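The values are calculated or read from the model by the stated rules, or taken from the named source; none is laboratory data. For clarity, every value in this text was computed on a predicted model and none was experimentally measured. A quick note on method: Cβ atoms are made from the backbone with ideal geometry, for glycine too, and the neighbour counts reach across all protein chains shown. With ligands, DNA and RNA removed, areas are computed over all heavy atoms of the protein, side chains included. Shrake-Rupley method; radii C 1.70, N 1.55, O 1.52, S 1.80 Å.
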Amino acid sequence: MREKETTIYLGPQHPGVTGNMMVKLKIAGDTVLKAETHVGYLHRAFEKLMEVRSWMQCFPIVCRICVPEPDPNEENLARAVEELEGREVPERAKYIRVMVLELARLASYLLWMGGQSGSAGLYTMPQWTVGDRDYILDLFEELTGGRVYHMYIWPGGVRRDLPEGFTDRVLKTMDYLEKRLVDYDRLLFNNAVFQKRAMGVGVIPKEKALEWGVTGPPLRGCGIKHDVRIDEPYEVYDKLNFVVPTYEGGDVWARALVRRAEFEQSISIIRQAIEKMPAGDYYNKVPNPFHWRVPAGETYVKTESVRGEFGYYVVSDGSLKPRRIHVRGPAYVHGVSLLEKILVGANISDVSFIMNSLGVCPPEIER
Amino acid sequence: MAIIKRNKDLNFREKIYIPEILKGLMITLKNMFKPRYTMQYPEEKFTPPPSYRGRPVLVKEKSGKGRCVACGLCSRVCPALAIEVRAAETDMEKERYPEKFEINMLRCIFCGFCEEVCPEEAIIMSTDYELAFANRDAGIVGNDPLTLPLASLEERLEFLRKFK
């Protein structure tokens, strides 16, 4: 029987990933012939909004750019402002920042594990990982006061010092997560169904990966070692010991292995950061936020987030408000242009599976 | 790293499914006796830590007077433009007081900036997290329901003195 060409719309309500975007698929039978991404359902005009807010008021806005992992945004803006101002950050604050960033990375990986297996039809894993993620959110709640939007990393340091006995609770949670990783292996990574689904699906060709602007775990899954934490270390990453795992293949399976290996690395980074954390000041106070003028200039700072390289281009004209803040989100590259290219020829049931493995995050695509 | 690569084709034992299903059911049985993640919420209340940023409230002194002097800094710093203050004056020792103090809870984003700038420790983030209301008008909270007695907010004030 000749298969008829059909057009179907995946989305815009949560097409297998958190957030609203749509993929228009032209299919014949079960095979995708052409994919077209449509975004615009979550546009909140944050970049424009920040031009009419004072520098301090931008911080509650930037963390809303990415819901599963808000801290790289705060870190980026804080570091950009510090660079423009030449403000010193106390050593303790740098270690606290690294700890918070890695905790956010763990929380985000747990959410990813759930999404990845959920889109493969394995629904036990999301229940477990979301439950375990809650332990990390509990830590955030105690440290920063918010479960999801922390508003914790500020120019000049961090907003509050660690509460009493907090590091012990972090270490306890890390021990627990390490123990849970054995269960995750048994349930997901050693699962024949998952392996069969993941191997050879959604392949990014190695020679094209850099050309297409792929970063983060998808790039490391192609066998290219690139990580902002190693290449251009920020905060205190150059003082900590960790490896950047790479796997060959460029398929969903390789990306899953990269993320799993990074999960272990993050736990080790948090342990080292807590061990090496010096005592002392945690905040180098900024002047009165109502009269706080950041010197004119422009800068580009970047951070390694779970999805890839997160960059902020910040321009100041020396006034109370930023002139322009441009966000370079990894999900924009992965979720809009890359997705269209690698979905061609895929099975229709693999579409949301591939989207999850690329770490597509619609709130971050649109800002 | 303990990842076992499986064959793509299932062997006979895996194909008849029954042992695999029993294996899965054993895990389910084990998990029935493990501690729970969840709590029985409406019956069992959650007590947030003092660092928690809940509903912003005004502090009332033991004498019954409000602490707020209606300087308007909170409404100026609010990134969501949720606070509206109108000042009035009296002949008493503390001259200024807010004639109108409104927080639009539909706009509030719980950043805690109002609390950070307040010179009088008058507006603070309470640990109140039950914020549902039935209509939009109820979302705009005025002077009276906002003001809470000092005794119920001691823990947060203690925390602020330590870290602010």
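One table, with the values for the structure above:
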| item | result |
| --- | --- |
| Structure-based [θ]222 nm, chain B - -39500 (n - 2.57) summed over DSSP H runs of at least 4, per residue, nearest 500 | -6500 deg cm²/dmol |
| Cα-based convex hull, the range B:56-163, per residue volume (Å³, whole number) | 104 Å³ |
| Sequence-distant residues sharing a close amide H with B:Ala87 (under 5 Å, placed H) | B:Glu99 |
| Along principal axes, Cα extents of the range A:44-328, largest first, whole Å | 60, 46, 34 |
| Residue of A:Val158, A:Val130, A:Val306 that the Gaussian network model of chain A assigns the largest fluctuation, springs spanning Cα pairs under 10 Å | A:Val130 |
| Interchain or long-range residues, amide H under 5 Å from A:Met21's placed H | A:His14 |
| Count of lysine pairs in the range B:56-163 with Cα separation under 17 Å (8 or more residues apart, or interchain) | 5 |
| Cβ-isolated cysteines (cut-off 4.7 Å), chain B | B:Cys68, B:Cys71, B:Cys78, B:Cys108, B:Cys111, B:Cys118 |
| Relative contact order [Cα under 8 Å, 6+ residues apart], the range B:66-132, whole percent | 34 percent |
| Peptides ranked, highest mean first, by Cβ atoms within 10 Å: ranges A:55-62, B:41-48 | A:55-62, B:41-48 |
| Computed over chain B: relative contact order in percent, which uses C-alpha pairs under 8 Å that are six or more apart | 26 percent |
| Cβ neighbours within 10 Å from other chains - mean over A:188-196 | 4 |
| Kirkwood hydrodynamic radius of the protein assembly as shown, Cα pairs, Å | 25.2 Å |
| Separation between Cα centres of the range A:59-126 and the range A:129-188, rounded to whole Å | 11 Å |
| Residue mean of other protein chain beta carbons inside 10 Å, B:105-117 | 3 |
| Whole-angstrom gap from the range A:266-283 to the range B:54-107, using each part's C-alpha centre | 39 Å |
| Rounded to 5, the percent of DSSP beta bridges in the protein assembly as shown classed as antiparallel | 95 percent |
| Per residue, the convex hull volume that the Cα atoms of the range A:1-157 enclose (Å³) | 133 Å³ |
| Contact order relative to length of chain A, as percent, for alpha carbon pairs under 8 angstrom and 6 or more apart | 27 percent |
| Which of A:Thr303, B:Thr28 is most accessible, then next, and so on - probe 1.4 Å | B:Thr28, A:Thr303 |
| Cβ-based charge dipole, the protein assembly as shown, positive-most Cα from A:Ala120, B:Pro149, A:Asn241 | A:Ala120 |
| Between 0 and 90°, nearest 10: helix B:18-32 axis offset from chain B longest Cα axis | 30 degrees |
| Bins of 10 Å from zero: percent of alpha-carbon pairs in the range A:234-355 | 10, 25, 29, 23, 12, 2 |
| Average partner coverage of A:142-152, which counts Cβ from other chains inside 10 Å | 4 |
| With Cα atoms, 0 to 90° folded angle of helix A:91-119 axis to chain A main axis | 20 degrees |
| Tail fraction, Cα-Cα pairs, the range B:1-136, threshold 18 Å, whole percent | 71 percent |
| Selection from A:Trp154, A:Leu143, A:Val170 lying farthest towards where the dipole of the protein assembly as shown points positive, charges on Cβ | A:Val170 |
| Considering only the range B:56-163, percent of DSSP beta bridges that pair antiparallel, nearest 5 | 80 percent |
| Peptides ranked, highest mean first, by Cβ atoms within 10 Å: ranges A:345-351, B:58-64 | A:345-351, B:58-64 |
| Global geometry of the range A:123-256, whether rounded, prolate or oblate, following the gyration tensor of its Cα atoms and the 1.5 cut on a/c | oblate |
| For chain A, the longest site-free run once GluC sites (Glu not before Pro) in DSSP loop states with at most 12 other Cβ atoms within 10 Å are removed | A:249-367 |
| Inter-label distance, nm, simple model (7 Å from Cα along the C-beta direction), A:Leu137/A:Tyr176 | 1.4 nm |
| P(r) of the range A:1-88 over all Cα-Cα pairs, binned every 10 Å from zero, in whole percent | 14, 30, 23, 17, 11, 5, 1, 0 |
